[in-house]
Amino acid sequence: MLVIFCSMTPEAQKLKRGRPVTTDPAAVGLTALTLFEEHGIDMVTMEQVAAEAGISRSNLFRVFPSKAAVVWGGMHSFTRELAKNLETNTDAGGIVQLLHSSWVQAMHIADGSVETVRLRLRLIGSSAEVYGWGHAQLEEARAVLENAVLKHGAPPMRAKAVSAAIVSASMAILIWWAETDDERTAAEALDEGFSDFEALFS
């Protein structure tokens with residue numbers, strides 16, 4: 001039987017008055033993701049997330065302005081880390097190895113929040129609509145990869161194709177990792193998956 005959280009917790013009611021509290025995005029995100037997985041994204045409102053997290057609605061929306069932001073949180077930080085790695089990994093043996101190592105290194109920023117990453121990826125893999133919420137963020141990462149391939153002298157069509165292939169392979173590997181409860185970190189699973197990818201394109 002589906003339980004809908006209609007009433008606010010005592011902590012959430014206290015937040016109606018006084019000074020706003022400091023919100024821990026990681027804790028609030030985990031609360032939201034757990035509710036989404038247990039009851040279905042469409043069945044849980046952001047108001048219910050705020051109540052369960054013990055924070056005000058306005059405080060929640062400062063951290064996560066939408067359900068999409070909860071599910072796809074962290075992508076912008078990942079892409080910044082990816083761009084930095086692509087600039088500094090000058091000893092990579094080839095362009096595919098450069099993309100491989102840079103993407104895996106960027107993924108290490110999620111190693112400390114494995115449970116949250118698994119929940120996010122399971123939700124992303126649960127429907128085409130939820131996957132589509134992250135199109136803009138994935139396209140931003142793909143464009144960073146494309147630019148790196150172009151800098152290594154590849155023609156535009158190849159740069160477009162290789163960057164798109166890396167993003168698609170990454171998402172397929174990560175969703176598989178989340179759905180199978182593989183004991184490795186996401187970065188470790190990606191490293192193995194990209195090694196297979198390199199062998200195919202060598």
With only Lys, Arg, Asp and Glu charged, each at its Cβ (+1 for the first two, -1 for the last two), find how big the charge dipole of the chain is about the Cα centre; round to the nearest 20 debye. 1020
Residue with peak Gaussian network fluctuation, the chain [Cα springs, cutoff 10 Å], from ARG120, ARG80, ARG142: ARG80
Contour excess over end-to-end distance, with Cα ends at SER113 and SER77 and 0.36 nm allotted per residue: 11.5 nm
Of all lysine pairs in the chain that are eight or more residues apart or on different chains, those with Cα atoms under 26 Å apart total 5
Quick query: amide H of ASP24 versus all other amide H atoms, modeled in the peptide plane; which residues come in under 5 Å with a sequence gap of 5 or more or a different chain? none
Angle between the chain longest axis and helix 25-39 axis [Cα atoms, degrees, rounded to 10]: 80
Can you compute the FRET efficiency between ALA143 and THR180 using 1/(1 + (r/R0)^6), with r the Cβ-Cβ distance and R0 = 25 Å? Round to the nearest 0.05. 0.25
Projecting the Cα atoms of GLY193, MET107, PHE36 onto the charge dipole of the chain, where Lys and Arg contribute +1 and Asp and Glu -1 at Cβ, the residue farthest towards the positive end is PHE36
Helix-derived [θ] at 222 nm for the chain: sum -39500 (n - 2.57) over DSSP H runs of at least 4, divide by residue count, nearest 500? -21500 deg cm²/dmol
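Over the chain, what relative contact order in percent results from Cα pairs under 8 Å that are six or more residues apart?
It comes to 20 percent, rounded to a whole number.
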Subtract the Cα-Cα distance of ALA172 and LYS151 from 0.36 nm times their separation in residues, and report this length gain in nm to one decimal. 4.9 nm
With a Cα-only, solvent-free Debye model of the chain, what are the log10 I(q)/I(0) values at q = 0.11, 0.13, 0.14, 0.18 Å⁻¹? -0.57, -0.75, -0.84, -1.19
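Values in this text are rule-based calculations from the coordinates and carry no lab data. Note that the coordinates shown come from a computational prediction; the quantities given were computed from them, not determined experimentally. Don't worry about glycine lacking a Cβ; one is built from the backbone with ideal geometry, like all the others, and counts go over all protein chains shown.
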